[in-house]
Every structure is written in C-alpha cells, then in structure tokens.
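Reviewing the structure listed below.
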Amino acid sequence: MIRVAILRVENLSKAFGGLYAVNNVSFHIDQGEILSIIGPNGAGKSTLFNLITRIYDVTSGKITFQGKDITNMAPYRLASMGLSRTYQNIELFEGLTTLENVMAGGYIKGKIGFSESLFGIRNRFEEKRLRELAESRIEMVGLQQYMHAEAVDLPYGRKRMVEIARALMTSPSILLLDEPAAGLNSQESKQLGEFLLRLRNEGTTILFIEHDMETVMEISDRIVVMNYGEKLAEGTPVEIKNNPDVIRAYLGAEVD
C-alpha cells in the first residue's frame, strides 16, 4: 500500500531566548495513519504542536501540510484547510450546552460567524446544517444524552470528548490531539482508543501527544519519541518498546 505524507516537519526549531524548546526535529505523518509523540515532561511535545498549529512562530525549519508550506501561515487559516486540534487544558464555553459548544467548531467553514449567531443574526439554512452536523458529531463520540446539558458541568472524560467532537466539526484531514487521555480512567482510555481507531479507519489522520503508554502502544502505527527538545527515536510500537535509548530516557535504566 502506497502512503502519501500529509504533514511534514523538517528541521524544526523553536528558541525562547537562548533556550531551545524544540531543536532540529524532523518527521512526517502519512495519510490514514496514527502517529504518537511521546516523551518525558518538558521534552518539547506541546511546543512542537504549537509550532505546527502556528500558535508559536518557528525559529527555523519548515512545516508542510498537504504539499503546501504553512510555516508562516496565519493560525486561523489552518482549520479551513483541514487541520484541527484540541488542547492539553480543556477549553469549553461556559453557559453553552454541549450542542452549542460543538456547533462553535463549525462556524469557521460556515456562512455565518459564531458571534453573529450569538447575537441573533440568523441564517436559518446554515444554522440547521450546523446543528445537524453537530448532532452527528456528538453521536459519533457517544454523548447524545448530554446534548442539551451545560458542557462545563459534564464529567471530566465527557468534556474531553466534547472537545474532540468540536474539533471534528471541520471534517479535518488531520486531527491533532494534545493528551486526550489525560485524566481519564482505564475504561475511558480504552473507549477513547477504540474511537480513535474507528476514526482512523474512516479516513482521518491522527497525530497525538500522550503519556498513557497502554493507549499509545495499542493504537499507534508509528511513534516519535522526544527528549530535551530533540527527536530521540522513531519507529513502530514494537521498535520503540525495545529501544535502549527510549528505555534510558523514561526509566533511567542501565540497558545492556
């Protein structure tokens, strides 16, 4: 099977003052693949995500998405191109229901803005389309019973799924998830892994940061390991699990 790289990161670096949080990192992710980025706290994983999604400006290097150079592109343009993400810290709109929070993720591709909708400027056809799409995304993540509940009042694991449903409103080609299993119990993590596999099988490419090694090893096609801002290793779950450098970085162990 011939795979096509949907995202390429080439020699990417980010310096804050004289300190490099990301240093000369290169990797790619193929279309229809799940690629995990792992590493100890402070390894530069979230900084890498913020570079890819243009929250941070790149010090040096290049980012290519679907063959287009996005290294200096404005962040708001990425979602309309098919790149969507969630964040490590849950960010939901207070006072809005699950349905309304999820609908908010679709306005960037719609014909009426989110603020216009809030202030009562209506396009009935567009609102109906967005509502139906949001309902389908909520059903996809299994939150039908919470559709009209205030999203910030949901259990922690359900809030995570609201964020994922909202990110899916743009029908992204690639979905970037920043520690989606953080705070989940073992059953919730298992369900999340099964959902991400279904999503991948339906055509969505997934790049995610995660500390839950069980989830990472079960669902990843490939893994990139970072340490002190640099790429330490890259390979399949089996290769990473048996890599002496990775074992040292995580466990501080002597490896023969």
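The values are calculated or read from the model by the stated rules, or taken from the named source; none is laboratory data. This is a predicted model, so every value here is computed, not measured. Ideal geometry is used to build each Cβ from the backbone, glycine not excepted, and the neighbour counts take in all protein chains shown.
Miscellaneous remarks
- Scanning region 10-45 for residues that are touching a helix residue (DSSP H, G or I) at 6+ places or on another chain (Cβ under 7 Å), surrounded by 19 or more Cβ atoms within 10 Å (Cβ to Cβ) and under 19 Å from residue 204 (Cβ atoms) turns up 34, 36, 37.
- Restricting region 41-55 to residues that are part of a loop (DSSP other than H, G, I, E, B) and among the β-branched types (Val, Ile, Thr), the residue that is nearest to residue 10 (Cα to Cα): 53
- Filtering region 26-46 to residues that are within 19 Å of residue 212 (Cα to Cα) and either at pLDDT below 95 or out of contact with any Lys or Arg (no Cβ under 6 Å at 6 or more places or on another chain) (or both) leaves 33, 36, 38, 39, 40, 41, 42, 43, 44, 45, 46.
- Residue 58 meets each of the listed conditions (1) in a strand (DSSP E or B); (2) of a type outside the set (Gly, Ala, Ser); (3) farther than 23 Å from residue 199 by Cβ apart from (1).
- Single residue of region 67-95 satisfying the filter (modelled with pLDDT of 95 or more and assigned to a loop (DSSP other than H, G, I, E, B)) that is surrounded by the fewest Cβ atoms within 10 Å (Cβ to Cβ): 71
- In summary, residue 77 fulfils each of the numbered conditions (1) touching a residue at least 12 places away in the same chain (Cβ under 8 Å); (2) within 21 Å of residue 204 (Cβ to Cβ) with the single exception of condition (1).
- Selection count, region 192-216, where residues are in a helix (DSSP H, G or I) and buried (at least 17 other Cβ atoms within 10 Å of the Cβ): 8
- Test set (1) surrounded by fewer than 20 Cβ atoms within 10 Å (Cβ to Cβ); (2) not in a helix (DSSP H, G or I); (3) not aliphatic (A, V, I, L, M) - residue 180 fails condition number: (1)
- Test: residue 126 is surrounded by 14 or more Cβ atoms within 10 Å (Cβ to Cβ), outside the structural domain of residue 185 (by TED's automatic domain parsing), at pLDDT below 95 and in a helix (DSSP H, G or I): yes
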